[in-house]
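K.L.:
Just passing along the structure, written as C-alpha cells.
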Amino acid sequence: MQNLQQLLQMGQQLQAKVAELQQRLESQEVSASAGGGMVTATVDGKGAVKALQIDATVVDPADVEMLEDLVLAAITEAQNKARALYEEEMRKATGGLPMQLPGLF
C-alpha cells in the first residue's frame, strides 16, 4: 500500500513539474531567420508564432513566391528550435521519461 502512495506522490510531483514547464515554455521565445537575415520569425516555446520581421529590400512585387518561401523557412526553423527547447525541457522535468504535452508538437 505504501508503494502505491509513493507512486501517487511521484505522479503528482511530475504533474506539478509539467504544469510549471508549460508556463515557462509560454514565456520563452526563440527566433530563426532565412535569406541571410532578411526574414526573421519568433515563436514561443510552444511553437506559436509571436513575431515576423521582413526586411523591406526583400519585398519585390514581381517575386512574391520568394518572399513566401523565406517566410515559411524562417517560421519552420523557429518552430524546430522551439520543439528542441520543448524536448530538452521535458527531459529535464520528467527525468528522461517519454511524455507529450497535449497540443504541442
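K.L.:
Could you calculate the FRET efficiency of L52 with Q15 from 1/(1 + (r/R0)^6), where r is the beta carbon distance between them and R0 is 41 Å, rounded to 0.05? Don't skip to the answer; put the middle values down first.
P.N.:
On the way: r = 35 Å, r/R0 = 0.85.
Once rounded, the FRET efficiency stands at 0.75.
K.L.:
Along the positive direction of the dipole of the chain (beta-carbon charges: Lys, Arg +1; Asp, Glu -1; about the Cα centre), which of G37, G96, T57 reaches farthest?
P.N.:
G96
K.L.:
Could you sort T76, T57, T94 by accessible area so the largest value comes first, with the probe set to 1.4 Å?
P.N.:
Working: T76 75, T57 110, T94 15 Å².
Descending order: T57, T76, T94.
K.L.:
Given only helices, namely DSSP H runs of n ≥ 4 each adding -39500 (n - 2.57), what is the per-residue ellipticity at 222 nm of the chain, to the nearest 500 deg cm²/dmol?
P.N.:
Working: 2 runs with 57 residues, N = 105.
Taking each H run of at least 4 residues, the total per residue is -19500 deg cm²/dmol.
K.L.:
Then there is this: Helix 64-94 against the longest principal axis of the chain: what's the angle in degrees, Cα atoms only, rounded to the nearest 10?
P.N.:
So the inclination is approximately 20 degrees.
K.L.:
Give me the Kirkwood hydrodynamic radius of the range 1-51, using the inverse of the mean 1/r over all pairs of distinct Cα atoms, in Å to one decimal. It would help to have the intermediate numbers written out before the result.
P.N.:
Numbers: mean 1/r = 0.0746 Å⁻¹.
Averaging 1/r across every pair of different Cα atoms and inverting gives 13.4 Å.
K.L.:
Using a 1.4 angstrom probe on the protein heavy atoms only, line up K92, K17 by accessible area, largest first. Let's see the in-between values first.
P.N.:
Working: K92 130, K17 105 Å².
From most accessible down to least: K92, K17.
K.L.:
Still on this structure: With +1 on each Lys and Arg Cβ and -1 on each Asp and Glu Cβ, how big is the dipole of the range 3-50 about its Cα centre, in debye rounded to the nearest 20?
P.N.:
Working: 4 positive and 4 negative charges, 12 e Å.
About 60 debye.
K.L.:
Just read off the accessible area of S33 with the full protein assembly in place, 1.4 Å probe, to the nearest 10 Å².
P.N.:
S33 has an accessible surface of roughly 60 Å² with all protein chains in place.
K.L.:
Calculate what fraction, in whole %, of the accessible area of the chain sits on carbon and sulfur atoms when a 1.4 Å probe is rolled over the protein chains.
P.N.:
Values: 3670 of 6960 Å².
Carbon with sulfur: 53 percent of the solvent-accessible area.
K.L.:
Pick the calculated log10 I(q)/I(0) by the Debye sum over Cα atoms at q = 0.14, 0.18, 0.22 Å⁻¹ for this structure from [x] -0.62, -0.83, -1.04; [y] -0.47, -0.74, -1.03; [z] -0.48, -0.80, -1.21?
P.N.:
[x]
K.L.:
Step through the residues of the range 19-28 one at a time and calculate ³J(HN,Hα) from phi using the Karplus curve (6.51 cos²θ - 1.76 cosθ + 1.60, θ = phi - 60°), rounding each to whole Hz and writing x for Gly and Pro.
P.N.:
5, 5, 4, 4, 5, 5, 4, 5, 8, 8
K.L.:
Also, quick follow-up: So what are the ³J(HN,Hα) numbers for the range 54-63, from phi and the Karplus equation (6.51, -1.76, 1.60; θ = phi - 60°), rounded to whole Hz, Gly and Pro as x?
P.N.:
With the stated coefficients, the range 54-63 comes to 10, 5, 4, 5, 8, 7, 10, x, 7, 9 Hz.
The values are calculated or read from the model by the stated rules, or taken from the named source; none is laboratory data. Please read these numbers as outputs of a predicted model, since none were measured by experiment. Cβ atoms come from the backbone with ideal geometry, glycine included; neighbour counts cover every protein chain shown. These area figures cover heavy atoms from the full protein model, side chains too; ligands, DNA and RNA do not enter into them. Shrake-Rupley method; radii C 1.70, N 1.55, O 1.52, S 1.80 Å.
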